[in-house]
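The values are calculated or read from the model by the stated rules, or taken from the named source; none is laboratory data. Predicted model only: the values in this text are computed from it and were never measured. Please note: Cβ atoms are built from the backbone with ideal geometry, for glycine as well, and neighbour counts cover all protein chains shown. Note: areas computed on protein heavy atoms with side chains; ligands, DNA, RNA excluded. Shrake-Rupley method; radii C 1.70, N 1.55, O 1.52, S 1.80 Å.
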Amino acid sequence: MTDSTTTDETTVLPPVAPVHPGAAGPLAELQARDITAWFGDRKVLDRVSLTMPAGGITALIGPSGCGKSTFLRILNRMHELVPSARLAGEVLLDGQDVYDPDRRLIDARRAIGMVFQKPNPFPAMSIRENVLAGLRLTGTRASRSVKEELVESCLTKAGLWTEVRDRLDAPGGGLSGGQQQRLCIARSLAVKPRVLLMDEPCSALDPTSTRVIEETMLELAREVTIVIVTHNMQQAARVSSTCAFFLASHGTPGVIVEHGDTRAMFSSPRDQRTSDYVNGRFG
Ligand SMILES: Nc1ncnc2c1ncn2[C@@H]1O[C@H](COP(=O)(O)OP(=O)(O)OP(=O)(O)O)[C@@H](O)[C@H]1O
């Protein structure tokens with residue numbers, strides 16, 4: 001068998017649909033219905049339902065430990081990586097069950113990408129290889145020219161191309177923190193996700209890099225639905241169109257107290273607890 005690390009004209013992997021540069025397809029709506037989640041016997045989310053509109057940026061806000069990251073990880077089936085984790089409920093991507101037993105796990109993760117809190121490029125891999133790493137992991141075939149186009153288009157969409165175009169063979173680990181995070185965004189985009197989940201993507205970054213990532217998100221929302229967990233209320237207000245406020249009071253499982261249009265939630269929240277939280281009175 002040919003070594004799957006070969007870098008010649010095609011990377012030899014199990015055949016799946018070829019990839020082309022460009023958009024992944026029509027914008028997708030993500031819907032969570034009655035999500036309940038446990039770690040062991042401990043219930044951490046209780047019947048959480050939320051529609052994350054196609055082409056929107058949905059911000060998940062709430063105090064530490066209320067289940068935002070757990071909810072996010074349920075959306076692309078990462079929750080099941082934890083041995084003690086269980087869940088009930090449904091996640092629908094454009095009406096299709098992400099947890100359908102006939103659906104391959106890798107397809108769900110490919111359609112719903114994730115960017116983490118701490119930038120995690122493969123440090124020794126070149127910038128180019130980092131962008132293309134997802135193709136290898138998802139077993140996607142592409143010719144060399146398609147790969148080159150993909151590298152440029154993903155780095156452009158991630159707002160990094162002009163900064164790295166002359167050093168694509170340099171290691172990803174040599175970039176600044178903000179650049180590394182944009183490289184991770186480019187890597188996620190290379191497999192054409194329909195949804196991008198971002199778990200506090202700017203919490204390790206300085207204000208300037210944060211601004212650049214926020215601008216990148218606003219651009220990306222034209223072709224991918226975005227869900228972001230953030231502790232930064234200004235950030236939620238700046239980037240999101242829809243917002244959901246999670247709360248787990250006194251050791252009870254997390255629930256959504258209020259959700260809806262971000263501007264309305266920040267200017268005239270319906271629930272006093274939302275008002276207190278968005279105005280920095282707790283959490
Ligand atoms: N791997 C795990 N094993 C056991 N319990 C966990 C695990 N991950 C999270 N929890 C628990 O689940 C609850 C929700 O955690 P989660 O990380 O989803 O909250 P969060 O709102 O994202 O918090 P933060 O804002 O601090 O990141 C917490 O009580 C946490 O301790």
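Can you tell me how much longer the chain between D169 and D97 gets when fully stretched, taken as 0.36 nm per residue apart minus their C-alpha distance, in nm with one decimal?
22.0 nm
With a/c under 1.5 counting as rounded, go ahead and sort the stretch 187-283 into rounded, prolate or oblate using the C-alpha gyration tensor (a ≥ b ≥ c being the square roots of the eigenvalues; past the cut-off, prolate if a/b is larger than b/c, else oblate).
It is prolate, given that a/c is not under 1.5 and a/b is the larger ratio.
Percent of accessible area on the stretch 57-123 owned by carbon and sulfur, 1.4 Å probe?
52 percent
Can you pull the one-decimal nm distance between simple spin-label points at R104 and E215, each 7 Å off the Cα toward Cβ?
For the pair R104/E215, the computed spacing is 3.8 nm.
What residue among A124, A186, L247 has its Cα farthest toward the positive end of the dipole of the chain, where the charges are +1 on Lys, Arg and -1 on Asp, Glu, each on the Cβ?
Comparing the listed Cα positions along the dipole, L247 ranks first.
So, with +1 on the Cβ of K and R and -1 on the Cβ of D and E, and no other charges, what is the size of the charge dipole of the stretch 102-183 about its Cα centre, to the nearest 20 debye?
280 debye
What does the helix-only formula give at 222 nm for the chain: each DSSP H stretch with n ≥ 4 adding -39500 (n - 2.57), the total divided by the residues, and the result rounded to the nearest 500 deg cm²/dmol?
-9000 deg cm²/dmol
S203 label point, 7 Å along Cα→Cβ, cut-off 18 Å on backbone N: hits in the stretch 115-129?
Answer for this model: 115-121.
Tell me, Kirkwood radius of the stretch 36-88 from alpha-carbon pair distances, in Å?
Taking the inverse mean of 1/r over all distinct Cα pairs, the stretch 36-88 comes out at 11.9 Å.
Determine which aspartates and glutamates satisfy two conditions relative to K157: a Cα distance under 16 Å, and not lying fewer than 8 residues away in the same chain.
E148, E149, E214, E215, E219, E223
Most mobile of E163, E29, E214 per a Gaussian network model of the chain (Cα springs, under 10 Å)?
Looking only at E163, E29, E214, the largest GNM fluctuation is found for E163.
Over the chain, average the accessible area per residue using a 1.4 Å probe and give it in Å², no decimals.
46 Å²
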